[in-house]
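The values are calculated or read from the model by the stated rules, or taken from the named source; none is laboratory data. None of these values were measured; they are calculated from a predicted model. For neighbour counting, all protein chains shown are included, and Cβ atoms are generated from backbone atoms with ideal geometry for every residue, glycine included.
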Amino acid sequence: MDKCICCGKAAEEILCETCRETADLKELCRKIVAYVPGSGENPVWDEIAASFDNPLNFKNIVFPITEEMDAPYRDIFRIHCISRDGSSVPKASRKWLLETVDACINDEKTDETEKSYLMGLELDALYKDYDYFGADAVAEDLAAMKDKDVHAMYTLGDFYTQTRRYEKAKQILQEGMEMYPDRLDVGLEAKLKDAQDRELGKENGGKVQFMPNPKANRDEIRALYAEFMESIGIAVEIPSSGNNRKGPEKIPRGEYPAPVETRDGGFRSFVAFDLETTGVNTKIDSITEFGAIRVVDGVVAETKEFVFSELVHPFKRKISDEVAEKTGITNEMVKDAREMWEVFPEFADFIGDDILVGFNCVRFDARFLVRAGRYSNRIITNPYFDVMRMAKDVLDRENLTLEELSAEFDIENPQAHRALADAVTTAKVYLKLLELKPEEEESLDDFLSGLDDL
């Protein structure tokens with residue numbers, strides 16, 4: 001990018017020196033998060049967005065701009081970017097959202113529509129984490145607001161549907177369709193039909209009543225749901241709980257795309273990842289842990305919104321004593337963990353369309369991810385970049401290990417052979433190798449693409 005996004009004049013940075021001093025950065029960020037690439041509303045932005053691999057990455061320009069803002073404003077704009085669809089944030093970011101959002105909502109300069117948007121995200125995070133009492137308190141305040149964001153109305157309708165208050169759900173969703181007739185993309189109409197079908201019940205040709213169905217702690221969570229439902233005067237019958245290890249219908253082997261490797265280094269924004277498994281046979285062994293970190297412009301920040309880490313119940317495999325000793329992951333630790341096909345879609349949401357950087361990932365991790373994608377019925381097509389091959393080319397040496405490289409570059413790995421720790425180490429090794437190739441520079445497009453789907 002060689003233009004200032006504010007005035008459109010030639011500039012080496014996102015903002016020219018004059019605009020950085022004079023522009024209303026808060027108003028500029030508001031316009032950026034509301035901007036739709038290719039809409040024609042701002043020809044300069046349309047041109048810049050069209051130069052990105054994914055034009056939707058344009059909104060992530062707010063990240064470097066907000067570095068100079070106070071926390072409430074900085075967090076509001078970052079929440080906008082992290083929210084993939086306007087109605088939710090990835091599971092890995094829910095805790096950060098819940099710790100951050102109240103300060104944003106209570107800021108006196110936040111208008112009512114913005115507050116409702118933030119409350120909608122808070123509501124979504126609470127009931128998806130099964131905090132029904134906390135969610136209901138937010139829902140009550142949100143329902144009373146006059147100027148509600150369209151995404152907040154969708155979430156409110158969904159929450160009332162899940163808690164079987166169908167009249168409230170239908171009212172809020174119909175109201176949303178009347179207020180936002182041009183926002184069919186949000187899904188209000190489909191959610192309204194879902195509420196109507198569940199109200200009918202399966203016995204009358206509709207859908208079954210909602211019941212939380214987590215794999216871990218199912219009985220405990222269903223008891224919490226029943227307790228909440230009783231508090232609002234609705235009795236629910238909890239079905240018997242079984243140990244269902246059956247996943248979704250898998251994608252046939254020949255229909256799943258093969259991993260694509262890229263050897264074009266130089267980028268400084270990416271997702272570094274690592275997997276722990278029951279063994280090294282990519283055809284029969286199972287994943288036991290996912291770990292990933294999003295790196296933005298060469299910064300490895302191990303903060304909540306930039307990391308993904310979760311243990312997985314290995315499908316039809318046990319962890320051997322040898323593997324347990326090496327990784328520290330035991331069969332007891334993963335006994336009640338979620339299934340791979342439950343975790344993989346959230347991992348896929350986290351990585352978005354970014355380049356996946358791993359160590360020996362093309363021959364090993366990528367093959368496990370293909371199997372995971374097939375059995376999760378979720379396709380990912382991210383390119384893979386192998387740091388082991390890069391190290392071989394840069395250092396002109398064979399058979400290098402991650403441990404050897406981290407020691408050589410004085411990079412501490414306090415928990416080797418755990419997925420997140422190895423992912424972080426891989427990211428740092430890759431960036432260190434880049435220093436040995438200073439002629440390869442990253443474009444702003446690469447930087448921004450690394451921020452997609454936070």
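When Ala337, Ala292 are screened for being modelled with pLDDT of 95 or more and either closer than 24 Å to Arg94 by Cα or not in a loop (DSSP other than H, G, I, E, B) (or both), only Ala292 passes. Residue count for region 313-329 satisfying the condition of being over 17 Å from Ala421 (Cβ atoms), within 27 Å of the chain's Cα centre (by Cα) and either small (Gly, Ala, Ser) or in a loop (DSSP other than H, G, I, E, B) (or both): 2.
State whether the residues of region 315-327 include one that is buried (at least 16 other Cβ atoms within 10 Å of the Cβ), touching a Leu at 6+ places or on another chain (Cβ under 7 Å) and not assigned by TED's automatic domain parsing to the domain that holds Lys91. Scanning region 315-327 turns up no residue that is buried (at least 16 other Cβ atoms within 10 Å of the Cβ), touching a Leu at 6+ places or on another chain (Cβ under 7 Å) and not assigned by TED's automatic domain parsing to the domain that holds Lys91. Take the conditions (1) part of a helix (DSSP H, G or I); (2) closer than 22 Å to Pro90 by Cα; Tyr130 misses just one of them, which is (1).
Whenever a residue of region 13-27 is modelled with pLDDT under 85, its partners that are aromatic (Phe, Trp, Tyr) and not in a loop (DSSP other than H, G, I, E, B), lying with C-beta atoms within less than 9 angstrom and at least six residues away or across chains, give the pairs Lys26/Tyr73; Lys26/Phe77. Restricted to region 261-289, and to residues there that are modelled with pLDDT under 95 and either of a type in the set (Lys, Arg) or part of a strand (DSSP E or B) (or both), the residue that is surrounded by the fewest Cβ atoms within 10 Å (Cβ to Cβ) is Lys283.
Within region 296-318, is even one residue touching a Gly at 6+ places or on another chain (Cβ under 6 Å), modelled with pLDDT under 95 and not small (Gly, Ala, Ser)? Yes, region 296-318 contains at least one residue that is touching a Gly at 6+ places or on another chain (Cβ under 6 Å), modelled with pLDDT under 95 and not small (Gly, Ala, Ser).
Regarding Ala169, is this residue of a type in the set (A, V, I, L, M, F, W, C), modelled with pLDDT under 95 and assigned to a helix (DSSP H, G or I)? No; evaluated as a whole, the condition is false for this residue.
Looking at region 418-447, which of its residues are assigned to a loop (DSSP other than H, G, I, E, B) and at pLDDT below 90? Break it down into steps so the answer makes sense when it comes.
Taking region 418-447 and keeping what is assigned to a loop (DSSP other than H, G, I, E, B), we get 418, 436-443.
Once the filter is applied, which keeps residues that are assigned to a loop (DSSP other than H, G, I, E, B) and at pLDDT below 90, region 418-447 yields Leu436, Lys437, Pro438, Glu439, Glu440, Glu441, Glu442, Ser443.
Per the listing Thr18, Thr66, Thr100, the residue uniquely of a type in the set (Ser, Thr, Tyr) and in contact with a Cys (Cβ under 7 Å, 6 or more places away or on another chain) is Thr66. Report yes if some residue within region 223-234 is farther than 22 Å from Ala372 by Cα, assigned by TED's automatic domain parsing to the domain that holds Asp353 and part of a loop (DSSP other than H, G, I, E, B); otherwise report no. No, every residue in region 223-234 fails to be farther than 22 Å from Ala372 by Cα, assigned by TED's automatic domain parsing to the domain that holds Asp353 and part of a loop (DSSP other than H, G, I, E, B).
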